[in-house]
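The next block holds one structure in the form of structure tokens; read it before the comments.
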Amino acid sequence: SDLSSGINAEWPLRPGISIPKSRNFCNFRTKMKLVVLVGIIALAGCNKIEWNLAMNLNPSDGHVMDYCVGWHQDSGIGKESEAFLKDYKNKQVWKQPANYIAIVRHHNGIADAAKVWKFKYWGLSLLQRFADMNPGRRIETVGGHLLKEVLPNTQNLGDDPIFGVDGDLAFNWAYTDNGCRIAVTGGHLSEWLSNDDNTHGLGNHFAIQPLTCRVNHDVWGHEISNIQDCPLASCKDVKIQGTDQKGGPHLKNSPAYGQYAIFISRCSRDFPFLGGRQLLKTIMEN
């Protein structure tokens, strides 16, 4: 029989991790039990709400976080003092193991909407997840959002790329010479060979080699695009949130709905939503 089938059932591994089929398999199985045991012990100490800011996207700050800027690189962006004002990426948090992810829409640190998801494969950092571009196209979370909070009377939700649709988070969504770093599965996920420029979300580009991040034509980079049905063959007005895009003739600026802060946690399912009352900075200080 195939011994690997049993271990995949007990310990789901990310695709691409090989399972040895040899006389050393028992040793491998023992090591895997130890890894799981260590993970259980580590999670046993999770008795408080603990979130770390990994990235902030401001779609109108003049810095374009498109598909090939920052996501897959071991580097920081911006200043901590401006973390809720401009594009920001914390180099150290980007390398921390993450089991949960939250995306919060806010206005200079005052939140109006938040969602939390659980990663399908635990223990990987955002750097590992976003560097995994070839072949990319991974549904990284499971079970849809665990939590969703939206302030009453919040505007501009219908076509918001994160809060306008439900589902799981797709990372590194590559299709022909296009890519989107974060999309929600309730929106449109283009087929691999479909050159329709029609997957929308955070961190986008319409003229790259998405498996390697070689840029073909820089003008098609844009930070945030809203949910819309605007296929390339019939639509020449792709609605971009804010002004952070590089000048492609089909990219049309529109009002920014807010900024988008990405938090990660090793333990917490619950997010201390502070909508409309306090700055998100408070979460980082608790």
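Quick notes on this structure:
- Here the convex hull built on the C-alpha positions of region 203-243 has a volume of 89 cubic angstrom per residue.
- Å² per residue, accessible surface of region 77-164 at 1.4 Å: 42
- Calculated log₁₀ intensity ratio I(q)/I(0) where the Debye formula runs over C-alpha points of region 176-286, q = 0.14, 0.21 Å⁻¹: -0.66, -1.10
- Along its first, second and third principal axes, ordered by size, region 40-137 spans 44, 35, 22 Å in Cα coordinates.
- Descending principal axes extents, region 149-204, alpha-carbon based, whole Å: 41, 17, 16
- Surface share of carbon and sulfur [accessible, 1.4 angstrom probe, percent] for region 98-244: 51
- Taking all protein chains as they are arranged and a probe of 1.4 Å, the heavy atoms of residue 149 leave approximately 70 Å² accessible to solvent.
- Members of 89/239; 91/118; 86/281; 120/148; 118/148 lying beyond 20 Å, as alpha-carbon distances in this model show: 89/239; 91/118
- Where 281, 252 fall by accessible area, highest first, once all protein chains stay in place (1.4 Å): 281, 252
- Accessible area per residue (1.4 Å probe, heavy atoms of protein chains only) ranks 214, 269, 138 as 214, 269, 138, with the largest value leading.
- Built amide H within the under 5 Å cut-off of residue 256, gap 5+: 242
- When the trypsin sites (Lys or Arg not before Pro) in region 61-91 are filtered for DSSP coil states and for at most 16 other beta-carbon atoms within 10 Å of their beta-carbon, the remaining sites are 79, 91.
- D by Stokes-Einstein for region 108-176, Kirkwood Rh over Cα pairs, 20 °C, 1.002 mPa s: 156 µm²/s.
- Rounded to the nearest 20 debye, the dipole magnitude of region 122-262 is 240 debye, with +1 charges on Lys and Arg beta carbons, -1 on Asp and Glu beta carbons, and the Cα centre as origin.
The values are calculated or read from the model by the stated rules, or taken from the named source; none is laboratory data. What you see is a predicted model, and the numbers here were worked out from it, not measured in a lab. All Cβ positions, even for glycine, are placed from backbone atoms using ideal geometry, and neighbour counts span all protein chains on display. Areas reflect the complete protein model, heavy atoms only, side chains present, ligands, DNA and RNA absent. Shrake-Rupley method; radii C 1.70, N 1.55, O 1.52, S 1.80 Å.
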